[in-house]
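Please read the structure below before turning to the comments.
The values are calculated or read from the model by the stated rules, or taken from the named source; none is laboratory data. This one's a predicted model, so the numbers in the text were calculated from it and none came from an experiment. Positions of Cβ are generated from backbone atoms using ideal geometry, with glycine treated the same way; all protein chains shown enter the neighbour counts. SASA here: full protein model, heavy atoms, side chains in, ligands and nucleic acids out. Shrake-Rupley method; radii C 1.70, N 1.55, O 1.52, S 1.80 Å.
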Amino acid sequence: MPMFLRRASTVDPAKPRKTRSTEGREEAKAAAVMTSEEWKKKQVGLDSKWPAPEYMSKSHAHGATCYRDETYEITTRWMAETKISYRPHAKAPGSKSHIRYEKYSKAKTVGQALKLGSWPADWCWDYERGFIKVHGPVRIEPLDSSKITNEDETTDVDKAIWRWYLRELAKRHELTIEELKGGCSGESLIMRAHRLLAQREARRILKQAEQEKRKITCDEVLSILRKWSFGKNSNRVNVTPENQEWVWSDTLGLLRDRIGDIHLTPATKTYPEVIAFLNKYLHDRIPPEMKGFCWTSINLNCNYAARQHRDANNFGPSFIQAFGDFKGGCLNYWPEDDKFSDKEDKLKSADSLSLQLRDGLCLFNGNCSHNVDEFEGERYSVVFFCVRCFNEAPEECKAQLRSVGTIYPEPDADRWAVIRPPRGYANKKDVQPKDKKKPIYKVYPRSRIDRADAPAAYPLLSISDRVAREWPAACAGKAGLGEKVKGREQMVVKKGATAQDKQTKAKAKAKAKAKTESPKGKALKDKVVAKTTPERKSQTKTQTFTPRKTTSASTGQVVSAVKKRTMAN
């Protein structure tokens, strides 16, 4: 942790606020540079020239000193060299703030404003009221303290913003400094705060639903999605609309990255109660005839209309549902698209189905072409799916997903267990007799699956205690990449065969050799050789398995998995 943040970590966000002091008020009145009448004359016409930000017109449930998220997003991107200008004489004479404002409003940059006595809280207050205009430059993203390698490169403005921002977020959301600093890579402080709130609410709803022996409702899912802070995902090129470079999208569960490493996403390990909450929602609604449905991952999407695409790396079907208050946004789906007989750009719109996902849970084949209509309003979608590489995942990852309620597929899982293969459009194939009773897609309306007495494939899932037991650090709001990540690091080290591992292996080999060469060991060896006939030896063969090489994301080592196994016919 950078030194300038250690002092901030000792602040108690629950500390009661001090009573505002009246000391110096009379001195401030005496020090006023103008009378009230003169000040009022100077303000004529300035309101139109110095308007407040547009977002300030929206209602805000908190008080005047509880600043908007938009304000935090803007001010935390400022730098010492960011050029600014202040509205002339914005604060009325006769107050201490007038004296301070008249002094620091002469500043031309944020760095000068700090030296002249203004602080980040002043910047937020003044910006929300239109007293400050920003001329740039500003950071593309807020400064990430975890990536600071040389503290000499940080300015007084950087340090002031971070100390204040930590305190503000902790106080506003009733969190501790340590909780805010325990996020996963790529998270901003505001993102971490909102995700912690989503996890806290998911935990509360999980326990309440289990105590009341009821299902999690759609409104409760929507409340969690609204609290969750979505990341800017530039990797989903196949779904990103034209003229956009990224979409609001996160994946929980298993994922294979671009270099081939198979692992749980950082958000899964940091917020396990969120994925457990969503798993329970699906558990409560899977109909009996869909008991063969399995999944490894959950995709969360926010406010974008995916362009036409096929999910190339899915195994079997997906369950999807949309949430929110929106118009439009239907899923256009080509159920008979087999990816081979038809090119995606040649598919006919007449062959597609239009499905309103807000009305229920939909089973569909994501490998078939699909897209989303444009929409107005607030639209979220949740997709439960299985990655194609599920069988190659480390056993630890499989166990961790099962611990949060995921129905993980068996090694011999059938991708067509609950849905039939598509026939294609250009050259329609015959449906096999065994598949005639299986649907090509299926929509389960909310009026059916939301009922308390609706039959389900699985009993009501009770999982909150297990999650708290299996993921103690993450559920306590600490660094989610604690004990659970250590397990993955250990797994990678074993694959990478570091110097320490080689030394341990050499010691074990020497010990085994010494034991074999002892009188007792030699006698046992002779006994085994005598029982092994030449005929039996000839029936034994050695097979060599050489999977492709992959690279570990955490260590950068090349993982070579060349195994030899002796198999008896």
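Quick notes on this one:
- Student exercise, the stretch 249-400 dipole from Lys, Arg, Asp, Glu Cβ charges, in Debye to nearest 20: 120 debye
- Based on alpha-carbon atoms, the Kirkwood radius and the radius of gyration of the stretch 280-400 give Rg/Rh equal to 0.98.
- Remark: the residue 341-residue 309 segment gains 9.9 nm on full extension, using 0.36 nm per residue and subtracting the alpha carbon distance.
- Magnitude of the charge dipole, the stretch 246-286, Cβ model with Lys/Arg +1 and Asp/Glu -1, debye to 20: 80 debye
- Note on the stretch 139-233: Kirkwood hydrodynamic radius from all Cα pairs is 15.3 Å, rounded to one decimal.
- Restraint check, 327/438; 171/207; 280/442; 348/434, Cα-Cα greater than 30 Å: 327/438
- Debye log10 I(q)/I(0) at q = 0.09, 0.10 Å⁻¹ for the stretch 103-262, Cα point scatterers: -0.46, -0.56
- Once all protein chains are placed together, residue 57 keeps about 110 Å² accessible to a 1.4 angstrom probe.
- Accessible surface ranking that places the most exposed of 194, 135 first, with a 1.4 angstrom probe: 135, 194
- Between residue 412 and residue 258, the contour length at 0.36 nm per residue exceeds the alpha carbon distance by 52.9 nm.
- For the stretch 335-424, chymotrypsin sites (Phe, Trp or Tyr not before Pro) meeting the loop criterion (DSSP other than H, G, I, E, B) and having at most 16 other Cβ atoms within 10 Å: 340, 416.
- Simple label model, 7 Å out from Cα along Cβ direction - residue 55 to residue 174, nm: 2.4 nm
- Which of 166, 125, 184, positive extreme of dipole for the stretch 97-196 (C-beta unit charges): 125
- For q = 0.13, 0.25 Å⁻¹, Debye-computed log10 I/I(0) when each Cα of the stretch 205-293 counts as one equal scatterer: -0.60, -1.26
- Loop GluC sites (Glu not before Pro), the stretch 163-246 (other Cβ atoms within 10 Å of the site Cβ: 14 or fewer; DSSP): 174, 242, 245
- With an a/c value of 1.5 or above and a/b not larger than b/c for the gyration tensor axes a ≥ b ≥ c computed over the alpha-carbon atoms, the stretch 57-121 is described as oblate.
- The relative contact order of the stretch 324-404 comes to 44 percent, based on Cα pairs under 8 Å that sit 6 or more residues apart.
- Gyration tensor verdict on the stretch 235-340 (Cα atoms; rounded if a/c is under 1.5, prolate if a/b is larger than b/c, oblate otherwise): rounded
- Reachable aspartates and glutamates, given that their alpha-carbon falls under 16 Å from the alpha-carbon of residue 40 and they are not under 8 places away in the same chain: 102
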